[in-house]
1. Search region 85-98 for residues that are on the phi < 0 side of the Ramachandran plot and pair each with any residue that is among the basic types (Lys, Arg) and surrounded by fewer than 18 Cβ atoms within 10 Å (Cβ to Cβ) when their beta-carbon atoms are under 7 Å apart and the residues are at least 6 apart or on different chains.
2. Restricting attention to region 1-34, which residues are in contact with a Ser or Thr (Cβ under 8 Å, 6 or more places away or on another chain) and either part of a helix (DSSP H, G or I) or of a type in the set (Asp, Glu) (or both)?
3. Do you know which residues across region 6-29 are more than 20 Å from residue 101 (Cβ to Cβ) and either without any contact (Cβ under 8 Å) to a residue 40 or more places away in the chain or surrounded by 11 or more Cβ atoms within 10 Å (Cβ to Cβ) (or both)?
4. Scanning region 89-129 for residues that are touching an Asp or Glu at 6+ places or on another chain (Cβ under 6 Å) and within 30 Å of residue 11 (Cα to Cα), which turns out surrounded by the most Cβ atoms within 10 Å (Cβ to Cβ)?
5. Against the definition (more than 17 Å from the chain's Cα centre (by Cα), surrounded by 11 or more Cβ atoms within 10 Å (Cβ to Cβ), among the acidic types (Asp, Glu) and under 27 Å from residue 112 (Cα atoms)), how does residue 86 come out, yes or no?
6. Please give the number of the condition residue 37 fails out of (1) assigned to a helix (DSSP H, G or I); (2) surrounded by 12 or more Cβ atoms within 10 Å (Cβ to Cβ); (3) not basic (Lys, Arg).
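Just so it is clear, none of the values below were taken in a lab; they were calculated from the coordinates. Predicted model, so just to flag it, every value in this text is computed and none were measured. Note that we place each Cβ from the backbone using ideal geometry, even for glycine, and neighbour counts take in every protein chain shown.
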Amino acid sequence: MKARILLIGGYLWSERSGETIRPLGYCAVYSVPLFEEEAARIPFAAKHHADAHLTPEAALACYREHQLDQHLDLNYDLGFETACTEPHDEPTPTTKAAEIEGWRLALCEEHRTPELAALRYPGPWESDD
């Protein structure tokens, strides 16, 4: 996954599968959901676009917004107990985390918010596909 330059100029966040390259996240044209499991993305329809971004950084920021809007899990079960990564007067145990596509941050209930997750999430990352 990475920002790729279009033949007409500009950038879209995309991934390659074999010889096919397709836009991802909000850089992909919105398709109307057909299945009940897809209904959660309906409120984000207006964020999808076919227009190119001026820079690779803008394409990356667009995909980051998509990840935070649609892939952030604030109730990810770690499967073990650990301390909240945010500062406390005393260590605060938690078994939950904020999670986005494999990135996890152990947070107690008080700190497990979309705002804090967005502040701490360092991604997305470009990859060779």
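1. Filtered contacts from region 85-98: 97/104.
2. 27 - this is the single residue of region 1-34 that is in contact with a Ser or Thr (Cβ under 8 Å, 6 or more places away or on another chain) and either part of a helix (DSSP H, G or I) or of a type in the set (Asp, Glu) (or both).
3. Quick first cut of region 6-29, residues more than 20 Å from residue 101 (Cβ to Cβ) only: 6-11, 18-20, 29.
Of everything in region 6-29, those that are more than 20 Å from residue 101 (Cβ to Cβ) and either without any contact (Cβ under 8 Å) to a residue 40 or more places away in the chain or surrounded by 11 or more Cβ atoms within 10 Å (Cβ to Cβ) (or both) turn out to be 6, 7, 10, 11, 18, 19, 20, 29.
4. Filtering region 89-129 for residues that are touching an Asp or Glu at 6+ places or on another chain (Cβ under 6 Å) and within 30 Å of residue 11 (Cα to Cα), the one surrounded by the most Cβ atoms within 10 Å (Cβ to Cβ) comes out as 99.
5. The answer is yes for residue 86.
6. (2)
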